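Participant: So that we are looking at the same thing, I have put the structure below in structure tokens.
Quick note: the coordinates plus some simple rules give every number you see, no bench work behind them. Since this is a predicted model, take the numbers as computed values, not measurements. Positions of Cβ are generated from backbone atoms using ideal geometry, with glycine treated the same way; all protein chains shown enter the neighbour counts.
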Amino acid sequence: MSNPTDDLVLSPLSTSIVGSRSFVYETIGSTNDRALDVGGDGTVIVSDTQTAGRGRRGRAWHSASGLGLWFSIAFEDSADGLAFAAPLAVRDAVRDICDVRVKWPNDLLIDGRKFCGVLVERRGGVTALGIGINVKHAAEDFPPELRDQATSLERATGQTIDRGDVLRRVLTALDERVIVIRAGGIDSVRESWAEACAIRGRTIRSDGKEGTVRDVDHDGGLLVNTQDGEIKILFGEIVEVDG
Ligand code: BT5
């Protein structure tokens, strides 16, 4: 391969919203920042590496060159449902090669190790849906503090996996979900996501409180029965889940 981004070229994509245009970079600060800056409904920003990839609450996202998929999609319509659609799209994209668990709210794990994270950010009228997928990492490609908790598609499956192929599959699966959401089908996407999280009936702890998840609210928050009655844990808050 002559260029580090040769395998990230997106065409041809047969989507209607996601991938309306695409920009591929060798290096960038954060693809989410670029998506928020350039906007344009369905614009995809993908970079071989990020120098300031981030997770939620200011945490860093390790985004090494040649090993993963670090990309964002700009949306100019409502952000509702995107955080449900993204983990489902990734799960569907890799379904043929491995079993993926969605850990509420939107981490993706294989054998208990995280290989994908999702970050939704909104500025002005633009939403950036950022997705990071570890594809080709061997254990030693992760920094020592991540080695036990992180994995990649190749590490987990023992197969050689093409980054561009995974990217095109994720974008196609995401497009299908976004079309459903925009046609008024957010409830069905949320229900698929809630089932994928398999969180109902489980015992969780959050902020020193423990209880059983009764249901998932319309916004993705958890409705939890505790000793002190029902509480709601907002989408994105940290919880520990048993089992
Ligand atoms: C996330 O945050 O999981 C969301 C990550 C989103 C990354 C994408 S890449 C494209 C786009 N552009 C960006 O700048 N971001 C998005 P959170 O749940 O806060 O998890 C962050 C934590 O995951 C860190 O504190 C580490 O413990 C761990 N971590 C960092 N890099 C990792 C990696 N490559 N694989 C697995 N775990 C990682």
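Participant: Considering only region 137-175, state which residues are part of a helix (DSSP H, G or I), acidic (Asp, Glu) and over 14 Å from Ala83 (Cα atoms).
Facilitator: Glu140, Asp141, Glu145, Glu154, Asp165
Participant: Picking from Val24, Val126, Val18, which residue would you name as being over 30 Å from Leu223 (Cβ atoms), crowded, with 23+ Cβ neighbours inside 10 Å and more than 10 Å from the ligand (Cβ to nearest atom)?
Facilitator: So the residue among Val24, Val126, Val18 that is over 30 Å from Leu223 (Cβ atoms), crowded, with 23+ Cβ neighbours inside 10 Å and more than 10 Å from the ligand (Cβ to nearest atom) is Val18.
Participant: Tell me which residues, restricted to region 27-40, are assigned to a loop (DSSP other than H, G, I, E, B) and more than 9 Å from the ligand (Cβ to nearest atom).
Facilitator: Correct list: Gly39, Gly40.
Per-residue answers, yes or no, for (1) of a type in the set (D, E, K, R); (2) free of Cβ contacts under 8 Å to residues at least 60 places away in the same chain:
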residue	(1), (2)
Gln149	no, yes
Glu154	yes, yes
Arg163	yes, no
Leu171	no, no
Glu191	yes, yes
Cys197	no, no
Arg200	yes, yes
Leu222	no, no
Asp228	yes, yes
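Participant: To continue, here is another question. Lys114 is checked against (1) part of a strand (DSSP E or B); (2) crowded, with 21+ Cβ neighbours inside 10 Å and fails just one. What number does that condition carry?
Facilitator: Going through the list (1) part of a strand (DSSP E or B); (2) crowded, with 21+ Cβ neighbours inside 10 Å, Lys114 breaks only (2).
Participant: Next question, about the same structure. Suppose we keep only residues that are part of a loop (DSSP other than H, G, I, E, B) and hydroxyl-bearing (Ser, Thr, Tyr) within region 1-26. Which one would you say is nearest to His137 (Cα to Cα)?
Facilitator: Looking at residues that are part of a loop (DSSP other than H, G, I, E, B) and hydroxyl-bearing (Ser, Thr, Tyr), I get Thr5.
Participant: Let me ask another. I need the full set of residues from region 41-56 which are within 14 Å of the ligand (Cβ to nearest atom), surrounded by fewer than 24 Cβ atoms within 10 Å (Cβ to Cβ) and within 18 Å of Leu13 (Cβ to Cβ), in order please.
Facilitator: Of everything in region 41-56, just one residue is within 14 Å of the ligand (Cβ to nearest atom), surrounded by fewer than 24 Cβ atoms within 10 Å (Cβ to Cβ) and within 18 Å of Leu13 (Cβ to Cβ), namely Thr43.
Participant: May I ask you to say which residue of Arg147, Arg59 is surrounded by fewer than 17 Cβ atoms within 10 Å (Cβ to Cβ), near the ligand (Cβ under 8 Å from one of its atoms) and of a type outside the set (A, V, I, L, M)?
Facilitator: Arg59
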